[in-house]
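Q: Sharing a structure with you now.
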Amino acid sequence: MRIVPTLSFAVLILSGCTATPTGNIDAFGIAAAGVTSKIDAVISDYNKANVNDKLVAMAQSNKKYVRSDMDPIKNIIIRGSDKTNFALYKANNALGGYATSLSDLANAGSREELALAGLKLSKSLKGMNEQYKTLQETESDLISAENSGKISRVITEISRYYVEYKRGKALKEIIIAADPSVQIIGDIINDQLLKGVIEGRLYTMKGNELAGYFSDYNTQTDRLSFATKKMMLDEIYEKYIAMESATATVIQAQQSILSVMKAHSILTEELKKNRFSSQNIANSIKNIKTVHNNFDDLEELMQNCETKIISDDEKGIICQ
């Protein structure tokens with residue numbers, strides 16, 4: 001089976017130029033792993049919200065339940081229609097594994113560690129390939145036969161590259177061969193993240209849950225103390241902000257993916273010129289770090305919106 005590269009790296013900027021040829025590759029890998037872990041949380045939130053939506057509907061009823069009433073939730077968890085969403089989760093997870101492998105290869109202190117990191121890299125790339133096929137509903141591989149051969153050869157030989165200069169050359173080959181596939185899979189993840197089934201439905205499901213909390217509050221308000229009402233309203237506010245920022249969080253995930261894709265492309269072009277350190281690489285890594293730090297921060301999104309912040313009835317607070 002062909003090996004397939006993944007789209008990811010970068011989030012700890014190295015201050016200035018690094019003395020080692022693999023330093024920026026390590027920084028790139030750390031950054032990408034951080035970004036993909038945040039995106040994992042967004043996808044996981046959506047998958048969990050589907051189950052939670054069913055529980056919300058049950059809680060809004062006065063019916064008494066038995067174990068068999070939970071059976072429909074199993075269908076939500078395993079239903080075929082979620083195959084694409086779980087493939088998205090696994091593909092993004094493979095990106096993180098790939099990024100971590102690059103960092104491991106850059107930092108390995110022995111041939112054994114190099115060999116182990118190479119195996120981890122190979123496993124991550126194969127996983128990427130499988131999820132690409134699922135997401136695209138195709139039997140074609142993500143990476144070309146030529147680039148697949150290059151990466152396979154380097155991974156097979158990687159344990160020999162104990163000398164850092166040779167290790168740098170090996171990583172250079174992997175990154176350059178991976179770049180076309182990185183850009184493709186990045187576009188796919190970006191598209192899947194922004195599909196209305198995720199951003200719109202997530203907002204709606206969180207709204208269904210919020211309605212239940214409002215109902216509880218409204219039926220008790222006459223007999224509650226100020227302190228209790230304030231405590232309940234604090235909880236309601238947290239649910240409300242989570243609902244209103246649902247779409248914004250998905251958009252921030254998109255921006256994170258785009259920053260990684262751009263940085264990967266810049267790193268590739270610099271490596272083609274045998275530049276392992278440059279201002280372009282440093283700036284692209286800095287950009288990933290900035291996007292990563294602002295993730296999940298609705299206030300930050302509002303401050304950085306260059307057009308107009310609106311409250312959309314179907315999506316919540318968004319930058320128009």
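Q: Step through the table entries Lys38/Lys64; Lys126/Lys172; Lys64/Lys195; Lys48/Lys315, compare each Cα-Cα distance with 28 Å, and write down the pairs that go over it. Don't jump to the answer; show the numbers that get you there.
A: Numbers: Lys38/Lys64 38 Å; Lys126/Lys172 19 Å; Lys64/Lys195 36 Å; Lys48/Lys315 18 Å.
Check vs 28 Å cut-off fails for Lys38/Lys64; Lys64/Lys195.
Q: What shape does the stretch 95-230 have by the C-alpha gyration tensor, where a ≥ b ≥ c are the square roots of the eigenvalues, rounded means a/c under 1.5, and otherwise prolate means a/b greater than b/c and oblate the rest?
A: On the way: a/c = 4.80, a/b = 2.28, b/c = 2.10.
Note, shape of the stretch 95-230 comes out prolate.
Q: Measure off 7 Å from each Cα along the Cα-to-Cβ vector at Glu157 and Ala41, then give the distance between these two points in nanometres to one decimal.
A: Computed distance between label sites Glu157 and Ala41 equals 4.2 nm.
Q: OK, next. Please list, in chain and number order, the residues 5+ apart from Asp312 or on another chain whose amide H is under 5 Å from its amide H, with Hs placed from the backbone.
A: Counting only residues 5 or more places away or on other chains, the set is Ile317, Ile318.
Q: Could you work out how far helix 145-157 tilts from the main Cα principal axis of the chain, as a 0 to 90 degree angle to the nearest 10?
A: Roughly 80 degrees between the two axes.
Q: Sticking with this structure for a sec: Cut-off under 22 Å on the C-alpha distance; same-chain residues fewer than 8 positions from Lys230 excluded. Which lysines are left, in chain and number order?
A: Counting by Cα, and skipping residues close in sequence, Lys230 has these lysines nearby: Lys206, Lys239.
Q: If one takes the longest principal axis of the Cα atoms in the chain, at what angle in degrees, from 0 to 90 and to the nearest 10, does the Cα axis of helix 246-272 lie?
A: 0 degrees
Q: Summing Lys, Arg as +1 and Asp, Glu as -1, what charge do residues with Cβ under 14 Å from the Cβ of Lys262 carry, Lys262 excluded?
A: Numbers: positive: Lys286, Lys289; negative: Asp179, Asp187, Glu269, Glu270.
Surrounding charge for Lys262 is -2.
Q: Would you mind classifying the stretch 183-227 by shape? Square roots of the alpha carbon gyration tensor eigenvalues, ordered a ≥ b ≥ c; an a/c under 1.5 is rounded, otherwise it is prolate if a/b is larger than b/c and oblate if not.
A: Numbers: a/c = 9.93, a/b = 4.17, b/c = 2.38.
Cα axes put the stretch 183-227 in the prolate bin.
Q: Here's something else I'd like to know. Is the stretch 24-83 rounded, prolate or oblate when judged by the Cα gyration tensor, a ≥ b ≥ c being the square roots of its eigenvalues, rounded requiring a/c under 1.5 and prolate requiring a/b larger than b/c?
A: Numbers: a/c = 4.96, a/b = 3.06, b/c = 1.62.
Verdict is prolate for the stretch 24-83.
Q: Which one is right for this structure if P(r) over Cα pairs in 20 Å bins from 0, in percent is calculated from it: (i) 30, 48, 20, 2; (ii) 26, 49, 23, 2, 0; (iii) 30, 62, 7, 0?
A: (i)
Q: Further question on the same structure: Cα axis of helix 23-59 to longest principal axis of the chain: angle in degrees, 0 to 90, nearest 10?
A: With rounding to tens, the tilt is 20 degrees.
Q: Same structure again: Leaving ligands, DNA and RNA out of it, report the carbon-plus-sulfur percent of the accessible area of the chain at a 1.4 Å probe.
A: On the way: 8130 of 16080 Å².
The computed percentage sits at 51.
Q: OK, next. Just the accessible area per residue of the chain, please: how many Å² with a 1.4 Å probe?
A: Numbers: 16080 Å² over 320 residues.
Per residue, the chain has an accessible area of 50 Å².
Q: Sticking with this structure for a sec: Give the share of C-alpha pairs in each 5 angstrom bin for the stretch 35-168, from 0 to the last occupied bin, in whole percents, shortest bins first.
A: Each 5 Å bin holds this share of Cα pairs: 2, 9, 14, 15, 13, 12, 9, 8, 6, 5, 4, 2, 1, 0.
The values are calculated or read from the model by the stated rules, or taken from the named source; none is laboratory data. Given the structure is predicted, the values throughout are model-derived calculations rather than measurements. Because the Cβ atoms are built from the backbone with ideal geometry, glycine has one as well, and the counts that use them run over all protein chains shown. Only protein heavy atoms, including side chains, enter the accessible area calculation; ligands, DNA and RNA are left aside. Shrake-Rupley method; radii C 1.70, N 1.55, O 1.52, S 1.80 Å.
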